[in-house]
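Student: Can you keep this structure in mind? I'll have questions shortly.
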Amino acid sequence: MKEIGEEFKTKREEIGITIEEVSSDLKTDAIIIENLESGNHKVFKDILELKDMVSSYAKYLGLDDELFLSKLDDFLFET
C-alpha cells in the first residue's frame, strides 16, 4: 500500500498540485488524501471505500485506475 501512496504523491507533485486542491476537486477531506499517500489504509471504513478512493485518485492524476486497483488487490490479498 505504501508503494501505491508514494506513486500517487510523486505524480501529484510532478503535476504541481497541493493536497488541498486534490481534496477540493475530489470532494474529500485532505487527511484522507494524506493517509492514502502515506499508505495508511486503516482510515477507510471498508475495502470498497478504499478501492473507490484509489480509483478516483488514480483517474484524477491521469493514471491507469485499473492498474492501481490491481496493485491494491495484490496488497490486500497477498498470502
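Student: List pairs: first in segment 51-79 and within 17 Å of Glu21 (Cα to Cα) and without any contact (Cβ under 8 Å) to a residue 24 or more places away in the chain, second open to solvent by less than 60 Å² (accessible area, probe 1.4 Å) and in a helix (DSSP H, G or I), Cβ under 8 Å, 6+ apart or cross-chain?
Tutor: Once the first residue is within 17 Å of Glu21 (Cα to Cα) and without any contact (Cβ under 8 Å) to a residue 24 or more places away in the chain and sits in segment 51-79, its partners that are open to solvent by less than 60 Å² (accessible area, probe 1.4 Å) and in a helix (DSSP H, G or I) give Lys59/Asp65.
Student: Considering only residues that are among the hydroxyl-bearing types (Ser, Thr, Tyr) and surrounded by 15 or more Cβ atoms within 10 Å (Cβ to Cβ), look in segment 19-37 and name the one that is farthest from Leu76 (Cα to Cα).
Tutor: Looking at the filtered set, the residue picked out is Ser23.
Student: Right, another one. Write out, first by first residue and then by second, each pair whose Cβ atoms fall under 9 Å of each other, whose residues are 6+ apart or on separate chains, and whose first residue, in segment 1-23, is farther than 16 Å from Asn35 by Cα while the second is among the charged types (D, E, K, R) and open to solvent by 20 Å² or more (accessible area, probe 1.4 Å).
Tutor: Ile17/Asp25
Student: Another question about this same structure. State the number of residues belonging to segment 1-19 that are assigned to a helix (DSSP H, G or I) and over 14 Å from the mean Cα position of the chain (by Cα). First the steps, then the outcome.
Tutor: From segment 1-19, those assigned to a helix (DSSP H, G or I) are 2-15, 19; that's our starting set.
Narrowing the set further to residues that are over 14 Å from the mean Cα position of the chain (by Cα) leaves 14-15.
Number satisfying all stated conditions: 2.
Student: Quickly run through segment 40-73 and pick out the residues that are closer than 20 Å to Thr10 by Cβ, at pLDDT 95 or above, open to solvent by 50 Å² or more (accessible area, probe 1.4 Å) and not aromatic (Phe, Trp, Tyr).
Tutor: Within segment 40-73, Lys59, Gly62, Asp64, Glu66, Leu67, Ser70, Lys71 meet the criteria.
Student: Restricting to segment 44-77, count the residues that are within 12 Å of the chain's Cα centre (by Cα) and β-branched (Val, Ile, Thr).
Tutor: The total comes to 1.
The values are calculated or read from the model by the stated rules, or taken from the named source; none is laboratory data. Values in this document were obtained by computation on a predicted structure and should not be read as measured data. Methodologically, a virtual Cβ is constructed for each residue, glycine included, from the backbone with ideal geometry; neighbour enumeration extends over all protein chains shown. Side chains are part of the model used for accessible areas, which takes the heavy atoms of the whole protein and leaves out ligands, DNA and RNA. Shrake-Rupley method; radii C 1.70, N 1.55, O 1.52, S 1.80 Å.
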